[in-house]
Amino acid sequence: MMAEAMSRREFVAAIAAAGGLPAANALCAGAVPPGNAVPTVDIGGDDGREIFQQEIDAVTPQAWWSYDKCGMSLDEALGSRMRLELPALQRYENAFDKVLAEIDAADASAHPAVWLVYNMGIVVKTGKSLFTVDLHHRRAETLAPKLDFALITHNHGDHFTEDFYQAMNGREKKTVVSNFKDNYGAHFGRKHVGGYTRAVKTFEFGDVKVRTAYTDHNDYLIDYTTAFEITVGDFAIYHSGDCSNAGKLRPECPNPDVWIFHPRCGMKPVDGARAVNPKLAVVAHLNELGHAKGNARWTWADGERARQKLEDAGYKAVVPLWGDRIC
Ligand SMILES: [Zn+2]
């Protein structure tokens, strides 16, 4: 059911009366399924992307964190008011619902199905497995019961959520491969295979092989980001996280099917593409709302510029929006 709309003026007045944006814990109450209250805009075309960008630009990092950090305990009334005032938040919720619905329907028998949820977070369905890389979403923990395992490239809050990790590691007792979480609770079959590693290592999960390697996030966070080379039969996905150093991207596969990368972390996209040699480059880490506009928050248009450079150099590239299926 559609929540009663609050005008912008009322919303701003309510926030002012409350002494500014509500603190995260003031927003958090009972669990809430998000209402679908925003009029549908086709965000596939150029106009749609522009409208979507404007909606995103209206979300400050403070508003974002006050909303997102509540996780499943977001207060229902305030959450729906925020989604009406800031439609990008509704799209963020819709993206998660879209991926959830498509997971069940997707046929992944010929090759894995891959979706971008938000930022660099992907969901991958294979013939036998379901897993995520860098999944960050307010409701990510609700996906944990369906997952076989999860991968996290590095210890920055835009690449995972603590609630998600706790759900996987705690009640689900599933493997989370990362370079910063102990993952004591993880079991795979009967064997304890906690996913913590800082080595170059290969994990096997059913029909999926995951090879870890390390790359730099910047000049001082050396070997801080894990690059994951994920193979399912002869299909390879390479996720390089927040990589600043193309020199450390060395997949074993000579021509991975899909490469997910950050275009503005210090590595030129074409340098990365020369190292990885992907069949399809996926420009990700755009519109990460924890940063302010113009300050480590890159737009869809920034992504398009990276895509163009890759295409000029002879690579195929795409700029998925939240919830888009990549392959
Ligand atoms: Zn990041």
Tell me, what is a quarter of the convex hull surface for the C-alpha atoms of the stretch 104-171, in nm² with one decimal?
-> 4.5 nm²
Protection proxy ranking of 218-227, 100-109, 129-138, 231-240 - average other beta-carbon atoms within 10 Å, highest first = 129-138, 231-240, 218-227, 100-109
Find which of 255, 111, 245 sits farthest along the positive direction of the dipole of the stretch 107-318, computed with +1 on the beta-carbon of Lys and Arg, -1 on that of Asp and Glu, about the Cα centre.
-> 111
Under 10 Å, Cβ to Cβ, from residue 315 - net charge with Lys/Arg +1 and Asp/Glu -1 | +3
Could you check how many percent of all C-alpha pairs in the stretch 107-318 are farther apart than 20 Å?
-> 54 percent
Which of the lysines could be linked to residue 209 by a straight reach, that is with a Cα gap under 24 Å, when you skip same-chain ones fewer than 8 residues away?
-> 125, 128, 146, 173, 174, 181, 191, 201, 248, 279
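Output the direction-averaged projected area (hull surface divided by four) of the convex hull of the alpha-carbon atoms of the stretch 199-327, in nm².
8.1 nm²
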Mind listing the phi-derived Karplus ³J(HN,Hα) values for the stretch 246-252, rounded to whole Hz, using 6.51, -1.76 and 1.60 with θ = phi - 60°, and x for any glycine or proline?
-> 4, x, 9, 9, 9, x, 6
Got a sec to turn the phi values of the stretch 208-222 into Karplus ³J(HN,Hα) couplings, 6.51 cos²θ - 1.76 cosθ + 1.60 with θ = phi - 60°, whole Hz, x for Gly and Pro?
-> 10, 10, 10, 9, 9, 8, 10, 9, 8, 8, 6, 5, 10, 9, 7
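We did not get these values from a lab; they are worked out from the coordinates using the rules stated. This structure is a prediction, so every number in the text was calculated from the model and none was measured. Note: ideal-geometry Cβ built from the backbone for every residue, glycine included; neighbour counts use all protein chains shown.
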